[in-house]
Amino acid sequence: MGNLPGKDDVMREFEDLKSDLNGGNVPQVAVEYQKQLKEMQNLPLNIAVTGDAGVGKSSFVNAFRGISDDDEEAAKVGKETLEKKAYSHPSFPNVKLWDLPGIGTPKFKAAEYLEEVQFETYDVFIMVISDRFTENATKLAKEIQRMKKKFYYVRSKIDFTVSNEMRKKNFNTEDALVSIRKYCEDSLKEAAGVSSSVYLISSYEIHMYDFPRLQERIAAELPDHKKDILTLAVQIFSEKELRMKKQLMKSYIKKVALISCACGLIPVPGLSMVCDVGILIDALRCFCKVFGLDNRSLRFLALQTGKEFEELRLAVKKTPLANAIDGKLVFSLLMKSSLWVAVSLVELALDSIPVLGSLFGGVSSYVTTYYFLNSFLDDVVEDARNVRAKLLKQPKSQGKFKETS
C-alpha cells in the first residue's frame with residue numbers, strides 16, 4: 001500500500017487523541033464526528049437545469065451525474081420535459097440535479113417561471129442554451145438579473161459546432177472557441193443586459209472544452225459545507241481537483257479513526273475488530289467512489305473519451321474497484337500489514353502515550369484505522385492519477401482539454 005505518514009505527523013495527531021482520552025471525551029467527540037459524517041452523506045445539494053426544449057438539458061443532467069443517456073437511471077433524452085424531476089447522483093444520492101420544463105411551455109410561462117419551479121429551493125441554477133438566446137430565455141435571464149440570483153449559462157452541443165466549423169479554411173480550434181464564447185456572451189448582454197461568462201460544453205466529451213471549468217466555478221462559489229459535497233461528487237479533470245478531494249478525505253480519515261477508537265474503548269472481546277472491519281469497508285468504498293474507481297465511473301469515462309473500459313481498468317493497479325470491496329478483502333489487507341501494525345502499536349503505546357493503560361484497545365483501533373486509511377488513500381490517489389493520464393492521452397476529437405490547475 002502507499003507511503004505511511006511520518007512519525008512527526010503521527011505524533012501531532014496523537015497529541016489531540018491523548019487530550020481527548022485523558023479528558024474522557026472520546027465517546028462524545030466520536031458521536032459528533034458520526035453526526036458530521038452522516039451530514040456529509042445526507043445534506044442535500046440541489047442543482048436546477050433549465051432552458052428551451054431541445055437544447056440538451058437532459059443530456060447535461062446525465063453528464064454532470066456521470067452516467068450515459070441509455071442508463072436506466074438517466075434522464076430521458078429526446079423528449080420534452082413537462083414536469084420538473086430530480087435525478088440523484090448514483091454515488092452521492094444527496095446531490096440531485098433537477099431537469100426542469102422548458103421555458104415558455106404552456107404550463108410554465110416565462111413571467112411566472114421562477115415562482116412555478118420554486119426557484120428558492122435550489123442551490124445552483126443552470127441555463128442551457130444552443131446557438132442563440134430565444135425570447136423566452138431572454139425574459140428569464142432578465143428576471144434572474146432583477147432578482148439578483150446566481151446563475152450559470154451553458155452553451156451546449158459545442159462538439160457539433162466545432163465539427164461544423166472545421167469545414168472552414170484555416171480552421172483553428174482555439175480561435176473558434178474564443179469566437180463562439182464571445183458571440184454567446186455578447187448576445188446575452190445585448191438581449192438581456194446580463195454580463196456573465198458562458199461555458200461551452202459537450203455532454204459527450206465532458207473532459208474537453210469548459211465542462212471542467214464550469215464544475216470548478218460552481219464549487220468555488222458554493223457555501224463551504226456544500227462546496228465539499230460537490231467537490232467529492234464531480235469527475236476529476238485536473239491535479240487541483242485531485243488534491244482537493246484528497247484533502248477532504250484526509251479530514252474524513254481523522255473522524256473515522258476516532259469513531260474506531262470509541263468502538264475499541266468498549267470492553268467487549270472481539271467487538272473492536274468487528275467494528276474496525278465494518279468501518280473500513282465503508283471508508284474504502286467511499287474513497288474509490290470519490291476518485292471514480294468503480295465500474296460505472298470507468299465505463300462512463302471510457303465512453304466519453306473513446307477508450308476501452310479494460311484499458312482504464314488496467315490503469316488501476318494498487319487498489320480494488322469499489323464494487324469488489326467487502327469484509328473478506330478488507331480483512332486480507334489488514335492481515336498483510338499485521339506485523340507492521342503490531343510493531344507500531346507497541347512503540348506508540350510505550351513511547352508516545354504511556355498514560356493510556358487499559359485504553360490500549362481504543363488506541364490500537366485508532367492507530368490501525370488511521371494508518372491503514374492513509375496508506376490506502378495514497379494508493380487510490382495514485383490509481384486515479386493513472387486513470388486520468390490514460391484519459392488525457394490521444395483525445396478522440398479536435399476539441400481542446402485544458403487543465404484547470
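Each Cα pair under 8 Å and six or more residues apart adds its separation to the average, and for the range 285-337 the resulting relative contact order is 43 percent. The length gained by stretching the chain between E135 and M335 to full extension, at 0.36 nm per residue less their Cα-Cα distance, is 65.4 nm. In this label model, L43 and H225 are separated by 0.5 nm, measuring between points 7 Å along each Cα→Cβ vector.
Under a Cβ-Cβ cut-off of 9 Å, what is the net charge of the residues other than D131 that fall near it, where Lys and Arg count +1 and Asp and Glu count -1? Kindly include the intermediate steps, with their values, before the conclusion.
Working: positive: R132, R155, K157; negative: none.
Residues near D131 contribute +3 overall.
Classify the range 56-210 from the C-alpha gyration tensor, please: rounded if a/c falls under 1.5, else prolate or oblate depending on whether a/b exceeds b/c. In terms of gyration-tensor shape, oblate.
Amide H contacts of Y87 (H built 1.01 Å from N, in plane; Pro and chain starts excluded): L97, W98, D99 sit under 5 Å, all sequence-distant by 5 or more or on other chains. Using 0.36 nm per residue and subtracting the Cα-Cα separation, the extra length available between K318 and V178 on full extension is 46.3 nm.
Averaged over residues, the count of other Cβ atoms within 10 Å places the peptides 50-63, 244-257 in the sequence 50-63, 244-257, highest first. Return the long-range amide H neighbours of R155 (sequence gap of 5 or more, or a different chain), with a cut-off of under 5 Å between placed amide H atoms. Long-range HN contacts for R155: I129, Y199, L200, I201. Filter K245/K317; K57/K250; K189/K226 down to the pairs with a C-alpha to C-alpha distance above 27 Å, please. Pairs exceeding 27 Å: K57/K250; K189/K226.
Computed from phi, the 3J(HN,Hα) profile of the range 157-173 under the Karplus parametrisation 6.51, -1.76, 1.60 (θ = phi - 60°) reads 6, 5, 5, 5, 5, 4, 4, 5, 5, 5, 6, 6, 5, 6, 5, 9, 4 Hz, with x in place of Gly and Pro.
Whole-Hz Karplus values for the range 215-220 come out as 5, 5, 5, 4, 4, 5 Hz, taken residue by residue from phi with 6.51 cos²θ - 1.76 cosθ + 1.60 and θ = phi - 60°; glycine and proline positions read x.
Output the pairs from K38/K393; K182/K289; K246/K328; K76/K227 with a Cα-Cα distance over 31 Å in this structure; if there are none, say none. List each step's numbers first, then the result.
Working: K38/K393 38 Å; K182/K289 37 Å; K246/K328 26 Å; K76/K227 28 Å.
Check vs 31 Å cut-off fails for K38/K393; K182/K289.
Positive contributions from Lys and Arg (+1) and negative ones from Asp and Glu (-1), summed over other residues with Cβ under 14 Å from the Cβ of E382, come out at +4.
Bear in mind that the values in this text are calculations on the coordinates, not laboratory data. Note that the structure is a prediction, hence the values are computed from the model and not measured. All Cβ positions, even for glycine, are placed from backbone atoms using ideal geometry, and neighbour counts span all protein chains on display.
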